[in-house]
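Asker: Right, I'll just put the structure down here and ask away after.
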Amino acid sequence: MVPKPHFLLFCDGQASQNQRSQNAQGIEHSSSRGRWRFILEDLEAGTRLEASDAELLAAPERAALLAVVRGLEALEQPSRVTLVTTSRYVSRGLQFGLNEWRESDYCWEHFGSVQPIRNADLWRRIDHAMLYHQVTCRWITGEEPTSMVVEPIAGSDETADGESGVDSASQQPRHSVRKRQELAVA
């Protein structure tokens, strides 16, 4: 049996500032945009795919879920995925809610009445993707942004593991290998 490829999926979602605009009748209103971003890194091949966009009227939780959905749907074959997110909403939903929501058709009881869960459409898409991918989730605090993990260390020729920050063969900055391995193993 051929082992599944292993990917790190870094996801982030946030709400941007409210933007004021006028509609056709001249009435002013404000709208927010939820920005999402994912970085998908193949641990064996070292390749990396990055995508980001904004969705009109998307709350930060929805933007974070969109990043996860788009990242998982970008995978071309069944894979092992270590999802790294700054969103507690995503982390707790994957760890504690998804199995229960699936059994209750993505609804929950709220003060005696059955209500659909927030963002049920996106949770369903994540659940569907998890039929193909083996996903483990790691939550990191906002003080540990994903850019620390996947971006070269700026202004330094040394990485966190003490090795040179530049690959001598390609003259390209290397990423912090130790940090990526720590995230993938745990």
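Asker: Roughly how many nanometres apart are two label points built 7 Å out from the Cα toward the Cβ at residue 16 and residue 131?
Answerer: 3.5
Asker: Rounded if a/c is under 1.5, else prolate if a/b is larger than b/c, else oblate: which is segment 26-139, with a ≥ b ≥ c the root eigenvalues of its Cα gyration tensor? Don't jump to the answer; show the numbers that get you there.
Answerer: Numbers: a/c = 2.36, a/b = 1.18, b/c = 1.99.
Note, shape of segment 26-139 comes out oblate.
Asker: Convert each backbone phi in segment 42-56 into a coupling constant with the Karplus relation 6.51 cos²θ - 1.76 cosθ + 1.60 (shift: θ = phi - 60°), then list the ³J(HN,Hα) values in order as whole Hz, x for Gly and Pro.
Answerer: 7, 6, 7, 7, x, 7, 9, 10, 10, 8, 7, 6, 10, 10, 5
Asker: So how do 72-84, 106-118 stack up, highest first, on mean other-Cβ count within 10 Å? Don't skip to the end; give the middle numbers.
Answerer: Working: 72-84: 17.2, 106-118: 11.2.
Packing proxy ranking, top to bottom: 72-84, 106-118.
Asker: Here is a further query. Want the number for residue 111 to residue 50: 0.36 nm per residue separation, take away the alpha-carbon distance, what's left?
Answerer: Answer, rounded to one decimal: 17.8 nm.
Asker: What is the set of long-range amide H partners of residue 16 at a cut-off below 5 Å, with H atoms built 1.01 Å from backbone N?
Answerer: 33, 34, 35
Asker: Spelling out what I want: for every residue of segment 33-38, take phi, set θ = phi - 60°, compute 6.51 cos²θ - 1.76 cosθ + 1.60 (Karplus), and round to whole Hz; glycine and proline get x.
Answerer: 10, x, 9, 10, 8, 9
Asker: Between rounded, prolate and oblate, where does segment 41-82 land on the alpha carbon gyration tensor, with a ≥ b ≥ c its root eigenvalues, rounded for a/c under 1.5, else prolate if a/b exceeds b/c? Don't skip to the end; give the middle numbers.
Answerer: On the way: a/c = 2.90, a/b = 2.24, b/c = 1.30.
Because a/c hits 1.5 or more and a/b exceeds b/c, segment 41-82 counts as prolate.
Asker: Convert each backbone phi in segment 93-98 into a coupling constant with the Karplus relation 6.51 cos²θ - 1.76 cosθ + 1.60 (shift: θ = phi - 60°), then list the ³J(HN,Hα) values in order as whole Hz, x for Gly and Pro.
Answerer: Once rounded to whole Hz, the list reads x, 5, 7, 10, x, 4.
Every number here is computed from the coordinates shown, using simple stated rules; none is lab data. As the structure is a computational prediction, the values presented were derived from the model and not from experiment. We place every Cβ from the backbone using ideal geometry, glycine too, and count neighbours over all the protein chains shown.
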